[in-house]
Amino acid sequence: MILETSPVLGPGEKDTASSDLAGKVILITGGTSGLGAASAMALAQQTPGPARIYISGRHASAAAKVIQQIRTATSTSTDIVFLPCDLTDLSSVALAAKTVLANEDRLDVVMANAGIAAVPAGLSKDGYEVQFATNHLGHALLVRKLLPLLEQSGAETGTPSRVVWVTSFAFRGAMRGIPLARIRAAKSAGPQPRGYYLSSCEWCMCPAVVGRWMRYAESKLANVLYARELATRFPGVASVSVCPGFVETDMVASMGFCDRLGTRVLAMLVPGGDGMVTPDKGARNQVWAATVAPHALSTGALYETAGVAAALSGRAADETLGTELWEWTERELDLWL
């Protein structure tokens with residue numbers, strides 16, 4: 001992946017003055033490729049730029065390439081640091097948070113960007129459905145561990161620190177909510193979550209395909225709900241969710257032919273969409289949310305277009321489901337907090 005120039009606002013997106021990034025510390029999960037790498041490039045190009053950007057991921061070699069590309073393309077003095085973190089392994093997430101806490105006395109932005117999509121049914125290292133573990137639970141633990149530092153930083157600077165949750169238009173597909181009782185496999189379930197979600201797809205000729213997309217949609221709905229719950233429960237931190245649109249990332253490239261084709265067709269059919277876009281353009285919404293002046297950001301909101309808070313409906317507006325998700329997440333993470 002070749003990183004390009006800083007993302008720009010697209011049609012219908014509202015431009016507002018950016019906040020001063022001087023001295024700030026930013027953490028981007030999944031910063032070694034795709035949207036995360038493009039976000040790191042865009043943030044490093046800001047003037048003045050942040051003091052430090054952590055890019056998390058599983059592969060140091062991929063991080064080294066991204067860091068070199070940023071150094072080659074910019075004259076930034078921002079320190080770019082690789083943070084090892086496997087979101088499917090809660091012990092790895094806890095260690096990543098411990099590393100940040102041991103090395104930083106401030107943290108201004110966490111961009112919960114990393115994710116996987118439409119993978120076959122499987123379990124994380126801790127026994128959770130792997131897409132939910134990666135897209136929601138791992139990020140929730142990381143943010144909860146870092147929350148005291150986020151709150152402290154906001155109090156000291158007078159500007160709330162931010163958590164930007166990268167969701168997807170796919171959250172609208174989770175029309176039946178999130179079956180929280182089935183996210184964690186029983187000890188007797190074996191290496192695969194036997195029958196996981198197939199019962200909700202009995203009407204379909206290809207339940208395995210629909211099942212993996214439903215699991216993805218539910219994990220992305222969790223991002224929207226959890227962002228709002230965090231904003232409500234911890235008003236000292238600004239928490240928003242954003243949609244990047246349909247982006248030509250390695251995640252899409254690694255999909256099977258039918259899933260890849262379906263994604264590209266859907267991108268053309270979404271009203272007002274841009275079709276498939278490059279990572280630098282797809283990252284503009286999350287970069288906007290990370291840098292916009294505080295008065296322009298409505299905490300708890302979903303931004304499908306930069307600067308325009310979306311009207312929530314259906315499951316995304318379900319306050320009961322949001323409460324259930326928060327309480328379930330707290331119980332599951334109790335041993336780690």
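So here's what we get for this one:
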{"quantity": "Selected residue (criterion: surrounded by the fewest Cβ atoms within 10 Å (Cβ to Cβ)) from residues of the range 71-84 that are within 13 Å of GLY30 (Cα to Cα) and in contact (Cβ under 8 Å) with a residue 40 or more places away in the chain", "calculated": "PHE82"}
{"quantity": "Positions within the range 167-203 being in a loop (DSSP other than H, G, I, E, B), open to solvent by less than 90 Å² (accessible area, probe 1.4 Å) and either of a type in the set (Lys, Arg) or at pLDDT below 85 (or both), in sequence order", "calculated": "ALA185, ALA186, GLY190, PRO193, GLY195, TYR196, TYR197"}
{"quantity": "Of residues in the range 90-115 being open to solvent by 50 Å² or more (accessible area, probe 1.4 Å) and hydrophobic (A, V, I, L, M, F, W, C), the one nearest to LEU21 (Cα to Cα)", "calculated": "LEU101"}
{"quantity": "Residues that are in contact with a Gly (Cβ under 8 Å, 6 or more places away or on another chain) and in contact (Cβ under 8 Å) with a residue 60 or more places away in the chain, drawn from the range 49-70", "calculated": "VAL66"}
{"quantity": "VAL143 closer than 21 Å to LEU95 by Cα, part of a strand (DSSP E or B) and among the hydrophobic types (A, V, I, L, M, F, W, C)", "calculated": "no"}
{"quantity": "Test: ALA289 is part of a loop (DSSP other than H, G, I, E, B) and small (Gly, Ala, Ser)", "calculated": "no"}
{"quantity": "Every residue from the range 154-166 that is buried (at least 23 other Cβ atoms within 10 Å of the Cβ), touching an Asp or Glu at 6+ places or on another chain (Cβ under 9 Å) and either assigned to a helix (DSSP H, G or I) or of a type outside the set (Lys, Arg) (or both)", "calculated": "SER161"}
{"quantity": "So LEU87, is it over 17 Å from the mean Cα position of the chain (by Cα) and open to solvent by 10 Å² or more (accessible area, probe 1.4 Å)", "calculated": "no"}
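The values are calculated or read from the model by the stated rules, or taken from the named source; none is laboratory data. Model, not experiment: these values are computed from the prediction. Here the Cβ is made from the backbone with ideal geometry for all residues, glycine too, and neighbour counts use every protein chain on show. Heavy atoms of the whole protein, side chains included, go into the accessibility calculation; ligands, DNA and RNA do not. Shrake-Rupley method; radii C 1.70, N 1.55, O 1.52, S 1.80 Å.
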